[in-house]
Ligand code: TXA
Ligand code: MG
């Protein structure tokens, strides 16, 4: 594994050119996006894509997101680029939205886990864009962590999780958004949110209509395959607690924990409280980062304050629930 520093714009061009060369030869490159670091490989090269699954220990039934440099490149990967997909792309690309459409014959089976659809995203991070432009090929890239680990928001997190399983880690510093993209099914006339993420349901609804086809949480609902997994999980035990209750009485299950909060400054009984933010976007930007930090300290019990039920907290709520499963 080689770590290439791309934080300094003076080095970035050389680092990106070298990473692009390795990708074109079928290698694995971890690179920063605005959400989390991705583990990239040439999306149309079956053996390169298979290396991603091996490096992550990812089950073959979990499809990958393909990253592209333009809407035109997305169209080439799709058999039916719907008007809905076009509107979503116009509104949110480049940015943290993954659009699921029917795939074209160009997209190999392992990328989509055999599904007839493909998830595509045009990232906005300057290094991700530069890498896509330099490689001039679409890049399959899941989050750059071992399967079921916490998604990485810094190069150090990638190195700790994947080490020599990757050829190059492009270091672009900390990512800004801090949680993964929103995944939206755009195969029909209205949008279906498969994974809540950085782009909120309200933002999506401000440009297209959202489908009532699949009320969330029903067994029959079509879901993103990856959503079944115990994802985003730290190795510590994670418990959730209700802030009002924790303030009223000292909860025995919080004793000795490190607490992560959005509203409380100090959680009774906790050894330490890390207060993130009461703004969901700012909270998201620090959430995985904090879990990585506590994991590296060997903290064994993490207590997370439940967040509000409101729409703006949906993605954070989803990640907190998964971390605590
Ligand atoms: O922000 C992100 O999305 C990051 C960065 C690197 O782009 N990537 C990421 O990838 O989070 P990953 O593999 O960790 O999560 C991809 C999610 C999974 O839940 C997967 O099931 C879903 O996208 N997905 C991919 N293709 C799909 C498809 N054709 N249909 C439904 N869901 C799909
Ligand atoms: Mg992931």
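The values are calculated or read from the model by the stated rules, or taken from the named source; none is laboratory data. Source: prediction; values computed, not measured. Reconstructed Cβ throughout: ideal geometry from the backbone, glycine too, with neighbour counts over all protein chains shown.
Step by step: first the residues of the stretch 230-246, then only those that are more than 23 Å from the chain's Cα centre (by Cα) and surrounded by 14 or more Cβ atoms within 10 Å (Cβ to Cβ), then the one that is farthest from ligand 2 (Cβ to nearest atom). Which residue is that?
First, the residues of the stretch 230-246 that are more than 23 Å from the chain's Cα centre (by Cα): 241-246.
Within this subset, residues satisfying the condition of being surrounded by 14 or more Cβ atoms within 10 Å (Cβ to Cβ) are 241, 243, 246.
Details: 241: 26, 243: 29, 246: 30 Å.
The qualifying residue farthest from ligand 2 (Cβ to nearest atom) is 246.
List the number of the failed condition for residue 306; all other conditions in (1) farther than 26 Å from residue 144 by Cβ; (2) at pLDDT below 95 hold.
(2)
Return the total of residues in the stretch 147-185 being within 16 Å of ligand 2 (Cβ to nearest atom) and more than 21 Å from residue 197 (Cβ to Cβ). I'd like the intermediate steps shown before the answer.
Applying the first criterion (within 16 Å of ligand 2 (Cβ to nearest atom)) to the stretch 147-185 yields 147-154, 157-158, 160-162, 165-166, 175, 177-183.
Those left that are additionally more than 21 Å from residue 197 (Cβ to Cβ): 160, 162, 165-166.
Count: 4.
Taking residue 16 as meeting all but one of (1) part of a helix (DSSP H, G or I); (2) surrounded by fewer than 23 Cβ atoms within 10 Å (Cβ to Cβ); (3) touching a residue at least 60 places away in the same chain (Cβ under 8 Å); (4) touching a helix residue (DSSP H, G or I) at 6+ places or on another chain (Cβ under 9 Å), write down the number of the exception.
(2)
So which of 146, 165 ends up being more than 9 Å from ligand 1 (Cβ to nearest atom), closer than 14 Å to residue 1 by Cα and surrounded by fewer than 24 Cβ atoms within 10 Å (Cβ to Cβ)?
Values: 146 fails: closer than 14 Å to residue 1 by Cα.
So the residue among 146, 165 that is more than 9 Å from ligand 1 (Cβ to nearest atom), closer than 14 Å to residue 1 by Cα and surrounded by fewer than 24 Cβ atoms within 10 Å (Cβ to Cβ) is 165.
Which count do you get for residues in the stretch 243-280 that are free of Cβ contacts under 8 Å to residues at least 12 places away in the same chain and in contact with a helix residue (DSSP H, G or I) (Cβ under 9 Å, 6 or more places away or on another chain)?
Of the residues in the stretch 243-280, 1 are free of Cβ contacts under 8 Å to residues at least 12 places away in the same chain and in contact with a helix residue (DSSP H, G or I) (Cβ under 9 Å, 6 or more places away or on another chain).
Would you point out the residue of the stretch 27-72, among those that are more than 21 Å from the chain's Cα centre (by Cα) and part of a helix (DSSP H, G or I), that is surrounded by the most Cβ atoms within 10 Å (Cβ to Cβ)?
Among those that are more than 21 Å from the chain's Cα centre (by Cα) and part of a helix (DSSP H, G or I), it is 46.
Quick check: anything in the stretch 238-252 closer than 25 Å to residue 58 by Cα and either in contact with a strand residue (DSSP E or B) (Cβ under 8 Å, 6 or more places away or on another chain) or modelled with pLDDT of 95 or more (or both)?
Within the stretch 238-252, one or more residues are closer than 25 Å to residue 58 by Cα and either in contact with a strand residue (DSSP E or B) (Cβ under 8 Å, 6 or more places away or on another chain) or modelled with pLDDT of 95 or more (or both).
Residue check: is residue 21 out of contact with any strand residue (DSSP E or B) (no Cβ under 8 Å at 6 or more places or on another chain), free of Cβ contacts under 8 Å to residues at least 40 places away in the same chain, assigned to a helix (DSSP H, G or I) and surrounded by fewer than 20 Cβ atoms within 10 Å (Cβ to Cβ)? Even if it seems obvious, please write down each step before you answer.
Details: out of contact with any strand residue (DSSP E or B) (no Cβ under 8 Å at 6 or more places or on another chain): yes; free of Cβ contacts under 8 Å to residues at least 40 places away in the same chain: yes; assigned to a helix (DSSP H, G or I): yes; surrounded by fewer than 20 Cβ atoms within 10 Å (Cβ to Cβ): yes.
Spelling it out, residue 21 is indeed out of contact with any strand residue (DSSP E or B) (no Cβ under 8 Å at 6 or more places or on another chain), free of Cβ contacts under 8 Å to residues at least 40 places away in the same chain, assigned to a helix (DSSP H, G or I) and surrounded by fewer than 20 Cβ atoms within 10 Å (Cβ to Cβ).
Pick out the one residue from 181, 124 that is within 18 Å of the chain's Cα centre (by Cα), touching a residue at least 24 places away in the same chain (Cβ under 8 Å) and closer than 24 Å to residue 8 by Cα. Steps first, please.
On the way: 181 fails: closer than 24 Å to residue 8 by Cα.
The unique qualifying residue is 124.
Please work out which one of (1) farther than 15 Å from residue 120 by Cα; (2) away from ligand 2 (no atom under 14 Å from the Cβ); (3) touching a residue at least 40 places away in the same chain (Cβ under 8 Å); (4) in contact with a strand residue (DSSP E or B) (Cβ under 9 Å, 6 or more places away or on another chain) is the condition residue 80 fails and give its number.
(1)
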